[in-house]
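FYI, it's all coordinate maths here, none of it is from the lab. What you see is a predicted model; the values in this text were computed from it and never measured. Positions of Cβ are backbone-derived with ideal geometry, glycine not excepted, and every protein chain shown enters the neighbour counts.
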Amino acid sequence: MRAGLAGWAFAAPALLIIGVFFFVPVLGAFAVSLTDFDLYALADLHNLRFVGLGNYLELLHSRDFWRALGNTCYFVIAGVPLSIAASLGAALLINSRLTRLPALFRTVFFAPVVATLVAVALVWRYLLHTRYGLINWALGGLGLHPIDWLGDPHWALPAIILFAVWKNFGYNMIIFVAALQSIPADLYEAAHLDGANGWQTFRRVTLPLLRPTMLLVGVLTVAGYFQLFAEPYVMTEGGPLQSTTSVLYLMYEQGFKWWNLGLASAIAFLLFLIMLAVTALELRFSRQRESA
Amino acid sequence: MRAPLARTLIHLALVALAVVTLLPLVWMLSVSFMPQGEASAFPPPFLPHHPTAANYRLLFAADGAGRYLANSLWLAVLTTLCSLVFNSLAGFAFAKLRFAGREALLRTLLAALVIPSQVAMMPLFLMMKWLGFVNSYAGVVLPAAAGIFGVFLVRQYALSIPDELLEAARIDGAGELRIFVRIVLPVLRPILVTLAVLTFLGSWNDFLWPLIVLTDQSMYTLPVALATLSREHAQDNELMMAGAVLTVLPVLLLFLALQRYYIRGILIGSVKG
């Protein structure tokens, strides 16, 4: 009894904060998404009208929304496999028993993860500069023509993907290193005795044992990459020609530039539903492969 | 015969990757010490010919960087303190104190982890407006003062506290709060350091919500100010790089000092969360 009261008393402050500043707004977001909440309603709530699913229908008929969703999916579909491949590659290098100073390399590779996104996005904006950037200078050294990375609608999103891989690969690398270290050494010894070479061992021993980690990393990274926002905000302002406008960028502009809070809430909810569906698909796909 | 070759190849790959990883950060530092205009040249210079701290002076004198630095620091410290107090209390309660509805609450919180925080932002802004917290520290700190992830981080760790230890203290007549302060907190210390590092870095690096809720330039955090300034000073590479250094350096140093704790947080969060 006493413990029961104490338990509630201990948990209450955190639950109150999470409830008031997270759960209530999430439910509120659904309510707001069913209204035409805009600048006029912000000034006087009497201007607020219930529009049902009107905002959602408007979005499904809006070229801007599909464009933003397309850009975001492009970022996820190209960015996630590249990021995971880079993370796994770095983890394998660090985990090799031949490697000296693995802790030092681990720290170095992790540095971009903790670096403030806005600041390093600015750095990359200059690295990607058409005339003075280091990247085009390096390409020139290879005999390639300079690319207008952030000014060309075809290259802007790939450039942001490149940046995102650099920024994030260290995070999943840490998870992969932990998973690799938990693989028993005698499995590798057995493979070696059976005459397996390095690649065969990787394919037949390492990769299958990494599958649960792969799923976890995949789900987390996909969810994270769907939330693309600061990179285009800092590097391209969503352009050129909306080629880097992500769903969240659209939400921010609709909500806090044009004050269409109803429509912005509908955008946020649609993104959430899409993320939920994709995560469910990933889990299902992995289960099927496991039973197959 | 094969091992030395493999060793060389592995180290070549590692060093190449390290160069790619560090080059943008080193270049940022180098350009920040160049006089204005020097970085806009071809081929791009790697090191300043005449290193100068003029960009940093300008940043503090003309662009109010001291103010942004203070805002960032103050907000990160406040958020971290709140998060430590509220999440450790709740995390311990969910691990070790039986109370009505505990399991149902736990399941609800866990399920809610899939909801991205941006969904809440529009109503949250209206709520903050109604409370008068738009453009205030409270508007930034309150939503981050406790979090589902923080509660779970502490709970996972607190599960390992032996019940006998708590029972013995109760038999000795100690109150729950006293037990928490005297016995539980010392045991939780490592995970609290982890939580503190994660919260501090999260708050310092946060961008979207401060951008929304801080409307006056004098309240801006470093990332918000940097993003805004970079739109005004698009051509001033050297000045912007100085701003980037000022923003990144504190968190990089903090990470270097406490990386063991930070990495444990990632592993607990991803393996069990």
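Summary table below
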item: Residue identified as outside any loop (DSSP other than H, G, I, E, B), at the interface with chain B (Cβ under 8 Å from one of its Cβ atoms) and surrounded by 15 or more Cβ atoms within 10 Å (Cβ to Cβ) among A:VAL80, A:VAL26, A:VAL113, A:VAL76; result: A:VAL26
item: Matching residues, the range B:131-141, being on the phi < 0 side of the Ramachandran plot and either touching a residue at least 24 places away in the same chain (Cβ under 8 Å) or touching an Asp or Glu at 6+ places or on another chain (Cβ under 6 Å) (or both); result: B:PHE133, B:VAL134, B:SER136, B:TYR137, B:GLY139, B:VAL140, B:VAL141
item: Residue in the range A:156-178 that is outside any helix (DSSP H, G or I) and more than 11 Å from chain B (Cβ to nearest Cβ) present; result: no
item: Restricting the range B:1-46 to residues that are among the aliphatic types (A, V, I, L, M), more than 7 Å from every other protein chain (Cβ to nearest Cβ) and in contact with an Asp or Glu (Cβ under 7 Å, 6 or more places away or on another chain), the residue that is farthest from A:ARG131 (Cα to Cα); result: B:MET34
item: Looking only at the range A:124-139, and only at residues there that are in a helix (DSSP H, G or I) and more than 7 Å from chain B (Cβ to nearest Cβ), the one that is farthest from A:GLY151 (Cα to Cα); result: A:ALA138
item: Residues of the range A:233-244 that turn out to be surrounded by 24 or more Cβ atoms within 10 Å (Cβ to Cβ) and away from every other protein chain (no Cβ under 11 Å), as a count; result: 2
item: Sole residue being farther than 30 Å from A:LEU228 by Cβ and away from every other protein chain (no Cβ under 11 Å), chosen from B:ALA174, B:ALA93; result: B:ALA174
item: Out of A:GLY218, A:GLY255, A:GLY224, A:GLY238, sole residue that is part of a loop (DSSP other than H, G, I, E, B) and among the small types (Gly, Ala, Ser); result: A:GLY238
item: Any hit, the range B:7-30, residues being surrounded by 12 or more Cβ atoms within 10 Å (Cβ to Cβ), free of Cβ contacts under 8 Å to residues at least 24 places away in the same chain and not in a helix (DSSP H, G or I); result: no
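Quick grid of which residues meet (1) crowded, with 22+ Cβ neighbours inside 10 Å; (2) touching a helix residue (DSSP H, G or I) at 6+ places or on another chain (Cβ under 6 Å); (3) on the phi > 0 side of the Ramachandran plot; (4) in contact (Cβ under 8 Å) with a residue 60 or more places away in the chain:
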{"site": "B:THR194", "(1), (2), (3), (4)": "yes, yes, no, yes"}
{"site": "B:LEU198", "(1), (2), (3), (4)": "yes, yes, no, yes"}
{"site": "B:TRP209", "(1), (2), (3), (4)": "no, no, no, yes"}
{"site": "B:TYR220", "(1), (2), (3), (4)": "yes, yes, no, yes"}
{"site": "B:ARG231", "(1), (2), (3), (4)": "no, no, no, no"}
{"site": "B:VAL248", "(1), (2), (3), (4)": "yes, yes, no, yes"}
{"site": "B:LEU253", "(1), (2), (3), (4)": "no, no, no, no"}
{"site": "B:LEU256", "(1), (2), (3), (4)": "no, no, no, no"}
{"site": "B:LEU267", "(1), (2), (3), (4)": "no, yes, no, no"}
